[in-house]
1. Kindly provide the helix-only [θ] at 222 nm of chain B, computed as the sum of -39,500 (n - 2.57) over DSSP H runs of four or more divided by all residues, to the nearest 500 deg cm²/dmol?
2. Could you give the C-alpha radius of gyration of the range A:4-95 expressed as a fraction of 2.2 N^0.38 Å, taking N as the number of residues it contains?
3. When only Cα pairs under 8 Å and 6 or more residues apart are kept, what is the percent relative contact order across the range A:4-95?
4. What is the distance, in nm, between label points placed 7 Å from the Cα along the Cα-to-Cβ direction at residue A:67 and at residue B:130?
5. Residues in the range A:3-22 near a label at residue B:39, defined as backbone nitrogen under 19 Å from the 7 Å Cα→Cβ point?
6. Can you compute the helix-only [θ] at 222 nm over chain A? Use -39500 (n - 2.57) per DSSP H run of at least 4 residues, normalise by all residues, nearest 500 deg cm²/dmol.
7. How large is the translational diffusion coefficient of the protein assembly as shown in µm² per second when you combine the Kirkwood radius over alpha carbon pairs with Stokes-Einstein at 37 °C and 0.692 mPa s?
8. Taking each residue of B:22-34 in turn, how many C-beta atoms of other protein chains fall within 10 Å of its C-beta, and what is the average?
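Computed from the coordinates by the stated procedures, all read-outs in this text should not be read as laboratory data. Note that the structure is a prediction, hence the values are computed from the model and not measured. Because the Cβ atoms are built from the backbone with ideal geometry, glycine has one as well, and the counts that use them run over all protein chains shown.
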């Protein structure tokens, strides 16, 4: 039997890789990829907790399904914003899209 | 300070089964390709490694006997989100060139913050007294379907509204504005 801690450690590592990607990348699409990694880490945690702490209720898996839904919606809207920004500014590097910086 | 039980090497080797090996392989795939996602210079390659990482997460779901979620992970993430990102990447291909710098100047701080959060999370994982016992689990697809249409029917309908709004919003945002040709 795999200890619960292994799953939690895997998810913590995946989450931190995602944080690094979000904070360090310049391209907006790469930042979205980092966010997807973080959402996946959260999903692993939800499913692992559901499996080990409340095995026959499946609450964790149902929540993971909802997270997945929101992730799909977020990707669609985020990519639409990115395409719109690219059309107006010919630019996707977030450190150069600083129109609101004053 | 809670007591941590550390087994000696011999019992550790006896404890390791095929399941543990499968977990290690999956975790290696997930973490290795995720690390490549955030470090590789070519964004297209980074997207392909993201697909590999999602596949590894689907394998982790199988190990957790979440068969429905594992299938949905492949369908939604690899089948939909990766393809969507690929389209966006190709529409904005001019910024894809590998000669451009891909990380901001603040990347050492980003690495420091990520490592700090990792340390905190690992500390919590190790020093929390988890109480659990693992029971065999029957296939989950039918149970999830029943739960979604009885106990979670309101969030389920709300999720469909969220998807509809996201779809309309994405179309409105990405639509070309033809009204002001002078601009």
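1. Theoretical 222 nm ellipticity from helices: -21000 deg cm²/dmol.
2. Ratio of Rg to 2.2 N^0.38 Å for the range A:4-95: 1.30.
3. 29
4. Each label point is offset 7 Å from its Cα along the Cβ direction, giving 1.4 nm.
5. So the set is A:10-22.
6. Taken over chain A, the calculation gives -27000 deg cm²/dmol.
7. Details: Rh = 20.5 Å.
Value of D from the Cα-based Kirkwood radius: 160 µm²/s.
8. Details: counts 1, 5, 3, 0, 1, 8, 1, 0, 9, 4, 0, 2, 13.
So the per-residue partner count for this stretch is 4.
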